[in-house]
Each structure stands twice: as structure tokens, then as C-alpha cells.
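Each reported figure results from applying straightforward, stated rules to the coordinates on display, with no laboratory input. Source: prediction; values computed, not measured. Here the Cβ positions follow ideal geometry from the backbone for every residue, glycine too, while neighbour counts run over all protein chains shown.
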Amino acid sequence: MPVVLQTTLLLILSNLFMTFAWYGHLRSLQHKALYVAVLVSWGIAFFEYVLQVPANRIGYGSLSLAQLKILQEVITLCVFVPFALYYMGQPLKLDYLWAGLCLLGAVYFIFRT
């Protein structure tokens, strides 16, 4: 499997965990004590790091640091928008499109040769 694909897949999985660790408690643990939400989030974030650290180590030989960061941000938005819509019940906003277009510009400038 190509290095960039390995990196991308690991970062997608990492972002799924990250998004739930950062925001999932707002819905599922809102009536629990703060320390419970923190401990659960840390537990979920552990799996984020188990995937994210290898993803960056694998990708760094083929991608620059800036390319890894922009790839991460694009994946974050691609994971966050469905999470916000479907899991958190947030309304679809045109701002998601504008943010995506800005990230496409970032991708262009970071990945051009």
C-alpha cells in the first residue's frame, strides 16, 4: 500500500477518535461530572494517538511536515462535518463549504511542486 494512502487511512481513523474525544462528551456525558468526561475523553484520545503517531512517522518520509499538517486539517474537516450533522444534530451551514474551499486552497499551495 502506498505510504500516502497508509498515512491518510491512519489519520482518518485517528480523527474519528479525536473528534469523539473532543466533542462526543458534549452529547453523551453532559449530565456526568466533569472528571468523568475528562477520563472518558482521555481514554478515547489514547486510541487517537495510537493511530496518529504512526501515521505521521510513516508519512514524514514521503510528505513534508507542512503537507502532513494540511492533510490532517482536511481530514479533520471531512470527519467533523458529518459528526456535527449526524451525531451532534447541528444544522448544515454554508460556512462548512467556505471552510472546505479555504482548505482546498491550502492543499493547492502546500502540495504544488
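The figures follow:
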{"item": "Distance (nanometres) between label positions extended 7 Å along Cα→Cβ at Tyr60 and Trp98", "result": "3.6 nm"}
{"item": "Protection proxy ranking, peptides 80-89, 3-12, 28-37, average beta carbon neighbours within 10 Å, highest first", "result": "3-12, 80-89, 28-37"}
{"item": "Dimensions in Å of the stretch 3-111 - Rg and Dmax from alpha carbons", "result": "15.2, 45"}
{"item": "On Cα atoms only, tilt of 94-111 relative to the major axis of the chain in degrees", "result": "30 degrees"}
